[in-house]
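Following: one structure in structure tokens, then a few remarks.
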Amino acid sequence: MVIIVTGAIGSGKTTVCQKVINIAQSLGYTCGGILTYKARGKGLVVLDIQTGKRKTLAGTDNIYHGPHTGKYFFNAEAIDFGIRAIDRGISSDILFVDEIGYLELGGGGFAKSLELVKADKAKNSILVIRKQLLSAFLAQLGDKPSIFETTISTRNQLPQKICETLPVKCWKQY
């Protein structure tokens, strides 16, 4: 099953994913892949869900030798770190990929995750895609995924709704 969490910048997409992870892990399910957070200051951090390790993914200063989109300059080493976390996360009950954006639209960044999801390599996948890019990625994903839109008013209820959608036993126990 493929689930997409979408919404505007700052609507709480990563927060929703973190809460889904907490619910799933409390029920004994394994979670893998990546979450991305805004770092203190002007950058982004990528978190390996399985190990808890983090790397600076991007910054607004041109100190990395990786790709550039909008205001961010990306760290190629951190992209590789994230790809390795996604590769390990495939064997989990739920694979998270937060966030698929402009880099992936051009075939870079974590674009490999889309290929893995299309090839049914993961049992269940939760992909975070910014609302304005959703239509561009839907065509790439094939089968119709379940889509949940995060807003300030819905983000507290979404984690439970997402968990109830996953085809695994015992969600109602939470």
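The table for this structure:
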{"item": "Restricting region 47-61 to residues that are assigned to a loop (DSSP other than H, G, I, E, B) and of a type outside the set (A, V, I, L, M), the residue that is most open to solvent (accessible area, probe 1.4 Å)", "result": "Lys53"}
{"item": "Flag for Gly41 being not polar (S, T, N, Q) and not in a strand (DSSP E or B)", "result": "yes"}
{"item": "Only one of Ala39, Ala24 that is hydrophobic (A, V, I, L, M, F, W, C), crowded, with 18+ Cβ neighbours inside 10 Å and more than 27 Å from Ala139 (Cβ to Cβ)", "result": "Ala24"}
{"item": "Hits in region 25-68 - residues which are more than 23 Å from Lys112 (Cα to Cα) and touching a residue at least 60 places away in the same chain (Cβ under 8 Å)", "result": "Ser26, Leu27, Tyr29"}
{"item": "All positions within region 103-141 that are under 14 Å from the mean Cα position of the chain (by Cα), within 20 Å of Asp80 (Cα to Cα) and part of a helix (DSSP H, G or I)", "result": "Leu103, Glu104, Lys112, Ser113, Leu114, Leu116, Val117"}
{"item": "Which numbered condition Gly66 fails, given (1) on the phi < 0 side of the Ramachandran plot; (2) buried (at least 21 other Cβ atoms within 10 Å of the Cβ); (3) assigned to a loop (DSSP other than H, G, I, E, B)", "result": "(2)"}
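The values are calculated or read from the model by the stated rules, or taken from the named source; none is laboratory data. All values reported here derive from a predicted model rather than from experimental measurement. Heads up, the Cβs are rebuilt from the backbone with ideal geometry, glycines too, and the neighbour counts pull from every protein chain shown. Surface areas here come from the heavy atoms of the whole protein model, side chains and all, with no ligands, DNA or RNA. Shrake-Rupley method; radii C 1.70, N 1.55, O 1.52, S 1.80 Å.
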